[in-house]
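Student: My questions all concern the structure below.
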Amino acid sequence: MGRLFWKIFIGFWIALVVAAVGAGTAVWVQHRNRDVPPPDLAAGPPARITTDLAAATLRHGGVEALRQWMTEVHARRPMMMFAVDDQGRDLLGREVPPAALMAAREIVAHGDEDRGARQVAASDGTRYLLFVTRGPGPRGQRPPPGPPIPPWEIIVIGIVTSLAFSAILAWYLARPIRSLRWAFDSAAAGRLETRVSPLMGKRRDEIADLGRDFDRMAQQLQNLVSAQRRLLHDVSHELRSPLARLHAAIGLARQEPGKLEATLERIEREATRLDSMVGEVLALARLESGTGTRMKERVDLAYIAASIAEDARFEAEALGRSVRFSASGDAPVMGNADLLHRAVENIVRNAVKFTRQGTTVDVRVHTTRSSAVLTVSDQGPGITPSELEKVFDPFYRGEAGQGTSGFGLGLAIAQRAVDAHGGAIHAANVAGGGLQVEVELPLAHR
């Protein structure tokens with residue numbers, strides 16, 4: 001059991017004990033101060049009403065009227081009505097219970113006639129003590145009181161009950177926190193696949209929300225670490241080929257000094273290729289780490305796409321292809337102009353690279369109520385459905401990309417750039433052949 005468990009346990013236990021002691025003391029004081037009738041006298045409204053009726057009968061009808069009335073009451077009810085004079089004789093000549101008579105006299109002596117006993121003077125000056133006792137019948141007879149519960153038993157029962165309740169409550173609150181601590185220790189040790197939500201059960205409180213937040217954090221960390229490992233593996237793999245060609249060119253220059261100029265040109269091409277690849281890898285790494293974005297500003301996606309389409313048109317015409325641009329108006333978005341320019345340029349140049357000779361790449365921009373949408377469609381071979389999910393992975397080149405220039409980083413950089421702007425990017429095959437890439441960015445407030 002951790003320290004939090006004991007803090008919660010002791011805190012709740014002390015609170016329960018104090019509350020129980022306070023409530024018990026209040027009940028005891030109230031019970032002690034409450035007017036409790038003697039055990040031999042009848043209590044309650046019926047007994048008081050009977051005494052009041054007897055007193056009224058004696059005052060207004062006299063002793064004989066009281067005697068007749070008492071005879072009728074005694075015949076109908078289990079309660080026994082007594083009218084006792086100063087010598088202790090009952091008006092009907094019955095034997096008076098000594099304990100009840102003594103209790104009635106004490107009540108009258110204290111002047112507390114509301115407790116079931118009254119003393120009334122008849123017209124001849126004789127005083128009668130009026131009171132009601134419990135009758136002998138089964139209806140009026142109370143069961144004898146049982147033996148009182150010792151105070152120490154009540155204390156023990158209260159302590160045991162409060163201990164059990166406090167322990168259960170402390171365990172309920174401390175258990176998920178221990179699970180969270182275990183999960184954090186596991187994540188710190190590198191086990192990012194650790195998840196704490198299954199250990200929370202069916203809890204629906206703030207601690208369960210904290211567990212779900214931890215799972216999302218662990219999932220994000222796991223994705224980032226996996227992406228970094230995959231990127232490192234892909235970079236090392238891609239560097240082997242140009243490095244191998246550089247070594248081969250250097251060896252050829254040593255073996256054939258007469259071809260030094262051609263060898264140097266080859267080395268320069270490979271160095272340029274390496275420099276370009278390292279630049280794209282660095283750009284991708286900055287985007288994945290979140291450090292590649294600067295302060296956002298209001299930019300027009302339609303203007304960026306138009307300028308890129310105009311530049312790509314010259315490159316496409318040299319290859320026997322063309323680029324067509326259309327826009328329905330301005331498409332303002334909040335973002336990094338350089339980063340968005342690079343993302344759109346990668347998508348458009350990728351389409352120009354793969355569209356068939358003599359075909360056209362369509363670049364379109366339009367807006368919806370909440371988004372600016374860029375669509376780039378080519379008329380190339382397209383990709384297989386199984387490759388659609390991988391087309392945005394770093395260094396991935398499908399079957400159609402084998403043997404072409406590039407490193408397979410263009411669409412990956414475009415996806416990270418779009419994600420950094422809170423947008424979405426999708427790729428789909430076009431009916432009749434070709435690939436369509438659609439970018440959707442949140443529209444800036446006008």
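Student: For region 313-354, what does the alpha-carbon gyration tensor say about shape, rounded, prolate or oblate, given a ≥ b ≥ c as the root eigenvalues, a/c under 1.5 as rounded, and a/b over b/c as prolate?
Tutor: Values: a/c = 3.26, a/b = 1.68, b/c = 1.94.
It is oblate, given that a/c is not under 1.5 and a/b is not larger than b/c.
Student: Counting only protein chains, not ligands or nucleic acids, how are ARG181, ARG342, ARG369, ARG298 ordered by accessible area (probe 1.4 Å), most first? If you can, show how the numbers build up before the last one.
Tutor: Working: ARG181 170, ARG342 85, ARG369 235, ARG298 125 Å².
From most exposed to least exposed: ARG369, ARG181, ARG298, ARG342.
Student: When only the heavy atoms of the protein chains count and the probe is 1.4 Å, how do TRP69, TRP13 rank by accessible area, highest first?
Tutor: Values: TRP69 55, TRP13 75 Å².
Descending order: TRP13, TRP69.
Student: Under the rule of at least 5 residues apart or a separate chain, name every residue whose amide H is placed under 5 Å from the amide H of VAL361.
Tutor: Hits under the 5 Å cutoff: SER322, VAL323, ARG324.
Student: For region 169-275, what relative contact order do you get, as a whole percent, if you take Cα pairs closer than 8 Å and at least 6 residues apart? Don't jump to the answer; show the numbers that get you there.
Tutor: Values: 58 pairs, mean separation 19.7, N = 107.
The normalised contact order for region 169-275 reaches 18 percent.
Student: Using θ = phi - 60° and the Karplus curve 6.51 cos²θ - 1.76 cosθ + 1.60, what whole-Hz ³J(HN,Hα) does each residue of region 174-188 get, with Gly and Pro shown as x?
Tutor: Couplings: 7, 4, x, 5, 5, 5, 5, 5, 4, 5, 5, 4, 5, 5, 5 Hz.
Student: A further question on this structure: Under 5 Å between amide hydrogens, which residues at least 5 positions from ASN336 or on another chain qualify, with H placed 1.01 Å from N in the peptide plane?
Tutor: HN-HN under 5 Å from ASN336: GLU297.
Student: Still on this model: Under the rule of at least 5 residues apart or a separate chain, name every residue whose amide H is placed under 5 Å from the amide H of ALA83.
Tutor: Result for ALA83 returns LEU91, LEU92.
Student: Taking the C-alpha atoms of region 323-403, how large are the radius of gyration and the largest Cα-Cα span, Dmax, in Å?
Tutor: Rg then Dmax for region 323-403, in Å: 14.3, 42.
Student: At a probe size of 1.4 Å, how large is the accessible area of LYS353, to the nearest 10 Å²?
Tutor: The accessible area of LYS353 comes to roughly 80 Å².
Student: Also: Residue by residue, what Karplus-based ³J(HN,Hα) values in Hz, rounded to whole numbers, does region 101-109 have, using 6.51, -1.76 and 1.60 with θ = phi - 60° and x for Gly and Pro?
Tutor: 4, 5, 5, 5, 5, 5, 5, 5, 5
Student: Moving to a separate point now. Which whole-angstrom value gives the distance between the alpha carbon centres of region 419-446 and region 311-343?
Tutor: Region 419-446 and region 311-343 have Cα centres spaced 14 Å from each other.
Student: Let me ask you something else. How large is ³J(HN,Hα) for each residue in region 375-392, as worked out from phi by the Karplus curve 6.51 cos²θ - 1.76 cosθ + 1.60 (θ = phi - 60°), to whole Hz, x for Gly and Pro?
Tutor: For region 375-392, the Karplus-derived couplings read 10, 10, 10, 10, 10, x, x, x, 9, 6, x, 5, 8, 4, 6, 9, 5, 9 Hz, x marking Gly and Pro.
Student: Now, a different point. May I ask you to rank GLU95, GLU265 by accessible area, largest first, using a 1.4 Å probe over the protein chains only?
Tutor: Details: GLU95 165, GLU265 90 Å².
These residues rank, largest area first, as GLU95, GLU265.
The values are calculated or read from the model by the stated rules, or taken from the named source; none is laboratory data. In this text the structure is predicted, and so the values were computed from the model without any measurement. Each accessible area value is taken on the protein alone, full model and side chains, heavy atoms only, with ligands, DNA and RNA left out. Shrake-Rupley method; radii C 1.70, N 1.55, O 1.52, S 1.80 Å.
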